[in-house]
Structure formats: structure tokens, C-alpha cells
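Below: one structure, written as C-alpha cells.
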Amino acid sequence: MNFKIYKNLLYQSFSEMMSHRFTSICIIIFGIMFIGIEFIAGYVYFQFSDLLLGWSRDDYFLLISSFNIITYGYQFFFILSHEILSESIIEGELDYILIRPLNSFFFYSLYRVDIPSIIGLIISIITFSFFLPIRLGLLEIVIVFLMFVLNIVFVFLINHIVVITSFWSEKSEKLLALPEYIMDFSARPRNFYPRGIKFIFSIIIPSFIATNSIVDFIRKEFNILEYIWFLIFIFILGILSYYFWNKGLEKYQSAN
């Protein structure tokens with residue numbers, strides 16, 4: 001898919017947002033409220049102690065900010081595409097796209113952007129910058145940026161695989177919220193959890209690495225071997241996602 005097509009998709013996203021202005025405004029307001037609630041909760045957690053299991057209040061706020069950047073980054077680029085894709089699969093409305101000379105995997109992955117989410121993304125970037133304990137050098141800024149991109153890709157891929165299950169089950173909509181539950185559960189310092197939980201969400205499904213790695217890097221507690229496993233996991237997840245997408249298309253076309 002070339003930039004001209006993507007620009008047209010962005011224009012369609014903007015047109016749809018303008019036609020639902022009230023809903024978009026409500027989404028922005030509630031998004032800002034939820035960000036505020038998270039920080040208020042952080043102040044409550046650290047009301048009687050400056051440190052919790054080695055984490056300061058600013059470390060915690062930095063984690064919340066980085067998690068929000070990942071979440072709003074995913075929502076801005078991919079969440080509407082996934083919602084539309086799941087509905088299109090179940091309703092049998094993929095045919096128009098499949099007959100076009102486009103890579104359907106990337107087309108449906110980037111089909112729409114959720115423009116109201118950019119407000120939450122900007123606010124989260126500002127709070128992240130505010131709570132940085134040190135001034136990052138150019139190389140560190142590049143590394144942190146790439147980590148944000150990779151962590152957003154991780155969230156995209158686990159959501160994409162769940163959406164693809166719609167090819168085989170009409171009841172898969174019940175699973176669509178599962179990745180969100182996993183990420184929300186992981187949006188806290190993993191030191192706060194028992195060892196078994198840390199193993200499951202660091203090795204089997206490395207969501208803790210996605211949410212904690214950037215703050216660990218800034219705090220000089222970064223585990224490079226752990227992040228290498230995270231990169232391998234993303235690579236495997238990407239291959240599986242593309243493989244099951246093509247298998248799902250074969251099933252969809254044979255059914256039609």
C-alpha cells in the first residue's frame with residue numbers, strides 16, 4: 001500500500017470523525033479524565049511512602065505515561081481498523097478489498113486511524129517528558145523511540161491475532177477485549193506481582209516487558225537478554241499473524 005492510498009484513508013478517517021463530532025469530543029474528554037484518575041491513584045499509592053518495592057512515585061508516573069503512549073499509539077493507528085476488520089469478516093464484507101491489487105494484510109491493518117486518540121497521545125508524551133529523571137542523549141532518545149514503536153507493534157500483533165480468529169468463529173468478538181485486559185493488568189511495575197505472575201507475563205506472554213522495559217532502560221535496570229526474547233517473540237508473532245491471515249482468507253474465499 002502506497003502513501004497516496006494511506007493519505008486517502010486518513011482523509012476518510014477525518015471525515016468520519018467530523019461527522020461524529022460529539023462522540024469524538026466525549027472520547028477526548030473521557031480519555032483526559034482517565035489519565036487524570038491514573039495519576040490521582042498514583043498519589044494515593046505513594047501517600048505514606050516515598051518508595052514501593054524500589055519504585056519512586058516519579059518512576060511510577062513515568063511507567064503510567066509510557067503505558068499510555070503505547071496504548072494511545074495503538075489506538076490511534078490500529079484500533080478502528082481492527083474493529084472494522086472483525087465486523088467485516090463476520091458480516092462477509094471483505095470481497096471488495098480482496099479483488100483489488102493490494103496487500104490486504106497491511107490495507108486492513110491501516111484502514112482507519114482513531115483521530116481523537118491523538119489528544120491522549122500528546123498528553124501522555126508531555127507527562128512522560130515531565131517525569132523523566134534525567135536528560136536523555138540523542139542515542140538514548142532514538143532507543144526509547146524505537147522501543148515505543150516495537151511495544152506498539154507488540155500490542156498490534158496480539159490484537160491482530162485475536163481479530164483473525166473471526167475467520168473461524170462468529171463468537172470471537174468475546175475475545176477481542178482479552179489483549180486489552182492483559183495490557184491493563186501489566187500496566188504496573190512487575191515487582192508488585194508474585195514470581196509466577198511475573199514469569200507468565202514476562203516469558204510466555206511478555207506484556208510486562210512491553211510496559212516496563214522503557215522505564216527499566218531509563219532507570220538503568222534494563223535486561224538486554226529479556227528484551228532480545230521480546231524481539232524474538234514479536235518476530236514469531238508477526239509470522240503467525242501473517243500466516244493465519246492468509247489461512248483465514250483461504251477459508252473465507254472457499255466459504256463464499
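The values are calculated or read from the model by the stated rules, or taken from the named source; none is laboratory data. As the structure is a computational prediction, the values presented were derived from the model and not from experiment. Please note: Cβ atoms are built from the backbone with ideal geometry, for glycine as well, and neighbour counts cover all protein chains shown.
Points worth noting:
- Taking region 175-256 and the helices (runs of 4 or more DSSP H) fully enclosed by it, the elements with 2 or more residues that are surrounded by 17 or more Cβ atoms within 10 Å (Cβ to Cβ) are at 178-185, 207-218, 224-255.
- Condition met for L138 (of a type in the set (A, V, I, L, M, F, W, C) and at pLDDT 90 or above): no
- Of the residues screened, L63 is not one that is on the phi > 0 side of the Ramachandran plot and either at pLDDT 85 or above or exposed (fewer than 14 other Cβ atoms within 10 Å of the Cβ) (or both).
- Residue in region 138-158 that is under 28 Å from F233 (Cα atoms), out of contact with any Ser or Thr (no Cβ under 6 Å at 6 or more places or on another chain) and of a type in the set (S, T, N, Q) present: yes
- None of K198, K220 is among the basic types (K, R) and at pLDDT below 90 except K220.
- Residue in region 40-50 that is small (G, A, S) and in contact (Cβ under 8 Å) with a residue 24 or more places away in the chain present: no
Table: residues versus (1) surrounded by fewer than 19 Cβ atoms within 10 Å (Cβ to Cβ); (2) closer than 23 Å to S207 by Cβ.
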position: R112; (1), (2): no, no
position: I115; (1), (2): yes, no
position: G120; (1), (2): no, yes
position: I125; (1), (2): yes, yes
position: I141; (1), (2): yes, no
position: H160; (1), (2): no, yes
